[in-house]
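Here the structure is laid out as structure tokens; the discussion comes afterwards.
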Amino acid sequence: MLFILKSKSALFGVVGFFLFSCSSTNVVEHVSVSAASEEAQSMEATLRAYFEPIEAMKDFSGVIRVQRGDELIVETRFGYSNIEDQLLHSDSTRFAAGSITKSMTGALLLSLESAGHLDLASSVSRYVPEYKDGARMTVDQVLRHSAGLPRDVPVSHRETFGEDGIVGWLNRQDLVGEPGANYAYSNVGYELLALICERVANTSYPELVTAHVLNPLGLTDSTVETNRYSEAENIAVGYSAGPAPVDLRPAPVVPIATGAEGLVATAADLIGWMRAIVISEHVNLLDEEASELGLVKTTEYEGRQVYRLQGATRGYGASTLAIPEDDIYVVMAANIEAYPLFGAEPTLLALVYGEKPGPAPLRSETAELSDVHRALIGVYEHPEFGPVQISEQGDGLYITFLEPGWVHYLSPTADGALVLRLLNSRFFRTPDGVAHATQSLIGRKPQIFELVSAESANSE
């Protein structure tokens, strides 16, 4: 098979899958738009073989699109944009893009600086004088995630915001590090940047992004939401794990962290945005320091430089990849929050380039909840997630990440384990009664952790 992009002559295809069928005989027919070539058909079969098992487990729904420059090679749609109404994805389906919004916030800041509205080297206090720590950090440090700001606002805290909003909350918090000293990823920081943009331009953040970023680039199928994603036109319904037999439910509605998230876009517009970044059209986020302005990350694939934008929020996620050497762009946009959203990019590129990685990691099928599963109820210290709590809440067992307050449904399996489908992480007890967790992500070696119960930790 010829999928060798070194000669820039390969053609691509991706696949349509069956999703959300109650049995293997209920097949949803999807339309794949692709080049009519043997290579494209072979690539489509390669990707089908890899992703179909994941789709069958209801852990992926969305769109994969591949372009060479501005030329469409293939757009393939998986599953439904709305399960309840049996609506398939289309070329106008929009997805919430999570942290990809940060790159637009970065571009907006640079545009406003170029127009003389602000100075990135100035202290935050120049624009937000009421913030108690604003004099200790610059706008540029916030942009580069080096201001020492907290990562997130816990969900329970955001529900009690007053009129002073994000600044009032920050005034009640300590910094997590010395400004300028170290990288510390911060969604809170980008909320602060959105506020700064609004103040210096006396215009709302969505209006600014539309005027300075979306409209100049012709990204007319994108919007910025600040209230609820469901208010966006043509947006797919976002889903998260839920009880059998459906195994899914509409994702919980959470407040949008304006500036850190809020972008809603089609797959085509997500590639259009990445192309603008790569060719520096109306935006220059690829600075000489390569310091990930707006979370534009750089890596390599088979000796080629790769640019990557990735974002996720409740019910949605998207990842956009660019290989400038071959003028190739790939986007995966999804409306199920599950493990394919995290770390699958190298495998996706391998498939696009004609490689055949090992089989995808799959979770076990959902089973009926039993007392064996309930025996995992408790509070644990997870070496990567921090303190977590497994508890029963009405229709099943849930895991709560105690520090940020995130809550996710746990799918019970026949062997007595609980699966956090967001990260394909299994929680179980070994025969000696010790709690463990495994994690199996696409393209990564499986990991296993021993969990220490809070009771054990407190008694030591």
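Here are the numbers for the structure shown:
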{"quantity": "V379 out of contact with any Cys (no Cβ under 9 Å at 6 or more places or on another chain) and surrounded by 24 or more Cβ atoms within 10 Å (Cβ to Cβ)", "calculated": "no"}
{"quantity": "Subset tally (residues that are within 30 Å of T366 (Cα to Cα) and either of a type outside the set (S, T, Y) or crowded, with 24+ Cβ neighbours inside 10 Å (or both)) for region 225-254", "calculated": "20"}
{"quantity": "Within region 345-460, helices (runs of 4 or more DSSP H) holding 2 or more residues that are over 21 Å from the mean Cα position of the chain (by Cα) and free of Cβ contacts under 8 Å to residues at least 60 places away in the same chain", "calculated": "371-374, 454-459"}
{"quantity": "Matching option when the condition is on the phi > 0 side of the Ramachandran plot and either free of Cβ contacts under 8 Å to residues at least 40 places away in the same chain or among the polar types (S, T, N, Q) (or both), among G79, G116", "calculated": "G116"}
{"quantity": "Elements of type strands (runs of 3 or more DSSP E) contained in region 1-112, each with 3 or more residues being buried (at least 18 other Cβ atoms within 10 Å of the Cβ) and at pLDDT 75 or above", "calculated": "62-68, 71-78"}
{"quantity": "Residue tally, condition in a helix (DSSP H, G or I) and either in contact (Cβ under 8 Å) with a residue 40 or more places away in the chain or exposed (fewer than 14 other Cβ atoms within 10 Å of the Cβ) (or both), over region 170-196", "calculated": "10"}
{"quantity": "Flag if A236 is out of contact with any helix residue (DSSP H, G or I) (no Cβ under 9 Å at 6 or more places or on another chain) and within 28 Å of H408 (Cβ to Cβ)", "calculated": "yes"}
{"quantity": "Members of region 147-167 that are under 23 Å from V253 (Cβ atoms) and either of a type in the set (D, E) or not in a loop (DSSP other than H, G, I, E, B) (or both)", "calculated": "D152, V155, S156, H157, R158, E159, E163, G165, I166"}
{"quantity": "Which listed residue is crowded, with 20+ Cβ neighbours inside 10 Å and either at pLDDT 95 or above or farther than 22 Å from E355 by Cβ (or both), from A334, A344", "calculated": "A334"}
{"quantity": "Among residues of region 291-337, those that are in contact (Cβ under 8 Å) with a residue 60 or more places away in the chain, in contact with a helix residue (DSSP H, G or I) (Cβ under 8 Å, 6 or more places away or on another chain) and not in a strand (DSSP E or B), counted", "calculated": "6"}
{"quantity": "Unique residue being small (G, A, S), over 14 Å from F51 (Cα atoms) and touching a Leu at 6+ places or on another chain (Cβ under 8 Å) when the list is G378, G343", "calculated": "G343"}
{"quantity": "Residue in region 261-270 that is of a type in the set (G, A, S), over 16 Å from the mean Cα position of the chain (by Cα), modelled with pLDDT of 95 or more and more than 29 Å from P150 (Cα to Cα) present", "calculated": "yes"}
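The values are calculated or read from the model by the stated rules, or taken from the named source; none is laboratory data. What you are looking at is a predicted structure, and each value in this text was computed from that prediction instead of being measured. Here Cβ is always computed from backbone atoms with ideal geometry, including for glycine, and neighbour counts include all displayed protein chains.
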